[in-house]
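So the structure is just underneath, and the comments pick up after that.
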Amino acid sequence: MQISGTTKLLGLLGTPVAHSKSPAMYNYCFQKFGLDWAYLAFDISQTQIGAAVAAMRTLSMRGANVTMPCKTAVIPYLDRLTPAAAAIQAVNTIVNEDGVLVGHNTDGCGYTQNLRRGGVDVKGKKIVLLGGGGAASAIAIQAALDGAAEIAIFNLRDAFWDQITQRVKAIGEAAPSCTLSLHDLADTATLRRAIDGCDILSNATRVGMEPNVDDTMIPDSSWFRPELVVTDVVYAPPQTRLLRDAKAAGCRTFDGLGMLLCQGAEAFHLYSGLEMPVEEIRKLLYESP
Ligand code: NAD
């Protein structure tokens, strides 16, 4: 594919971005579908994000993905937010709709879509969600909007507790048909009871991430049962200790890499209206030697 006088620009905004596989993923798709678009990573701090969004307008960029630490800082510079992005005050995708910059959050769609691709619909399900940070909030709002019956969130009672309480309230207001509750992660009796009664156990903390690959939130395998679906947001490594233990106990599991690819696929769909070949990208970027 040649860059020409008509090539449209898209990009990634945040820092650090040098390690990101997003440019390879999106440029591969642009080439595959013959789109006259190009995607670059821009190292942008929170203090630069307003200027970066102004540049998006000036350069008529088709869109941008937003990563840490800019997901919330970008909001004041956008024209409109989707209900999910507004409820959790985090944007990871900006689409330029004829000069109107719309902020989306595709992390939660990535989660529910990854499950759907494997034949699991969150509609009517009871979910235990470990963690109350960015990934957890994105999962909670999308699962609630997609019809989950109950979401019990367990987080450390740390300095972020009041902030998480407010966010859970906002999610409940945006998706009133879902019953949300927030619990102290240290209350293991309540956690055990909740897992016994749920359909999906979802880790949305950093626990299990490299280099601490032997850490898990569920140290006792007797907490698993074969009907339980177990998911992880951690994608480095994709097969976390939680997922390995759950699989050994007979559970169906879904990894964070699937979620990551599906959130990218959702953003690509918002930019182009086209379907990203998720399995092809997974093999190309993450499974080739
Ligand atoms: P965050 O800092 O916003 O939240 C981290 C969460 O982990 C908080 O709830 C915190 O209380 C909890 N936590 C941290 N250490 C803990 C511990 N030792 N015990 C119990 N809880 C602990 O971070 P985030 O942006 O939500 O990211 C969390 C993880 O999700 C990271 O591994 C990140 O790479 C991953 N992530 C994956 C995707 C994906 O598409 N797969 C998307 C976003 C984030």
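Bear in mind these aren't lab numbers, they're just calculated from the coordinates by the rules spelled out. Nothing here was measured: the structure is a model prediction, and the numbers come from that model. In this analysis, Cβ positions are derived from the backbone assuming ideal geometry, glycine residues included, and neighbour counts consider all displayed protein chains.
What you get for segment 108-258, charging only the Cβ of Lys and Arg (+1) and of Asp and Glu (-1), is a dipole of about 340 debye around the Cα centre. In plain terms, the chain from Lys169 to Ala54 could stretch by 38.2 nm, reckoned as 0.36 nm per residue minus the Cα-Cα distance. Dipole magnitude for the chain: about 220 debye, using +1 per Lys or Arg Cβ and -1 per Asp or Glu Cβ, origin at the Cα centre. For Ile153, the residues whose amide H sits under 5 Å from its own are Leu129, Ser181, Leu182, His183, ignoring neighbours fewer than 5 places away on the same chain, with H placed 1.01 Å from N.
Among Trp161, Trp37, Trp223, the order by Cβ neighbours within 10 angstrom, fewest to most, reads Trp161, Trp223, Trp37. Have a look at Ile141, Ile218, Ile127 and tell me which one the Gaussian network model of the chain (Cα, springs below 10 Å) gives the largest fluctuation. Of the options given, Ile218 has the highest mean-square fluctuation. Along segment 64-72 the Karplus relation, 6.51 cos²θ - 1.76 cosθ + 1.60 evaluated at θ = phi - 60°, assigns HN-Hα couplings of 7, 8, 10, 10, 4, x, 9, 4, 9 Hz to successive residues, with x for each Gly and Pro.
To the nearest 500 deg cm²/dmol, what mean residue ellipticity at 222 nm is calculated for the chain from DSSP H runs of n ≥ 4 alone, each contributing -39,500 (n - 2.57), summed and divided by the residues?
So the helix-based figure for the chain works out to -10500 deg cm²/dmol.
Near Val234: Cβ cut-off under 14 Å, other residues only, Lys/Arg at +1 and Asp/Glu at -1. The net charge is -4. Proximity of backbone amide H atoms, modeled 1.01 Å from N, is registered between Asn65 and Gly11, Leu12, Leu13, Ile94 at under 5 Å, excluding neighbours fewer than 5 places apart on the same chain. Between Ile88, Tyr111, Ala73, the Cα set farthest toward the positive side of the dipole of the chain (charges on each charged residue's Cβ, about the Cα centre) is that of Tyr111.
Please compute the net charge surrounding Asn105, taking Lys and Arg as +1 and Asp and Glu as -1 over other residues with Cβ under 14 Å from its Cβ. Don't skip to the end; give the middle numbers.
Working: positive: Lys71, Arg80, Arg167; negative: Asp107, Asp146, Glu266.
My count for the surroundings of Asn105 gives 0.
If one takes the longest principal axis of the Cα atoms in the chain, at what angle in degrees, from 0 to 90 and to the nearest 10, does the Cα axis of helix 134-145 lie? Its long axis makes an angle of about 80 degrees. Semi-axes of the equivalent ellipsoid of segment 131-289 are 25, 22, 15 Å, computed as sqrt(5λ) over the eigenvalues of the C-alpha gyration tensor in descending order. Derived scalar couplings between HN and Hα for segment 113-125 equal 5, 4, 5, 4, 4, x, x, 10, 9, 6, 4, x, 8 Hz in order, rounded to whole Hz, by the Karplus curve 6.51 cos²θ - 1.76 cosθ + 1.60 (θ = phi - 60°), x for Gly and Pro. Look at the dipole of segment 160-259 built from charges on Cβ: of His183, Leu243, Val168, the Cα furthest out on the positive end belongs to Leu243. Spin-label model, Arg117/Thr6: points 7 Å from Cα along the beta carbon direction are separated by 3.2 nm. A straight Cα-to-Cα reach below 16 Å connects Lys283 with the aspartates and glutamates Asp255, residues fewer than 8 places away in its own chain not being considered.
Against the empirical 2.2 N^0.38 Å (N residues), the chain has a Cα radius of gyration ratio of 1.01.
Between amide H atoms placed 1.01 Å from N, distances below 5 Å from Arg252 occur with Val230, all of them 5 or more places distant or on a separate chain.
Placing unit charges on each Cβ (+1 for Lys and Arg, -1 for Asp and Glu) gives the chain a dipole about its Cα centre, and among Ile3, Phe154, Gly99 the Cα reaching farthest toward its positive end belongs to Ile3.
Projected label points at Glu210 and Ser288, each 7 Å from Cα along the beta carbon direction, are separated by 1.9 nanometres.
Against the main long axis of the alpha-carbon atoms of the chain, helix 256-272 sits at an angle near 40°.
In order along segment 8-17, the Karplus-derived 3J(HN,Hα) couplings, from 6.51 cos²θ - 1.76 cosθ + 1.60 at θ = phi - 60°, round to 8, 9, 10, x, 10, 10, x, 7, x, 10 Hz, and Gly and Pro are given as x.
Rounded to the nearest 10 degrees, the angle from helix 161-174 to the longest Cα principal axis of the chain is 70 degrees. Working from Cα pairs under 8 Å separated by at least six residues, relative contact order for the chain is 14 percent.
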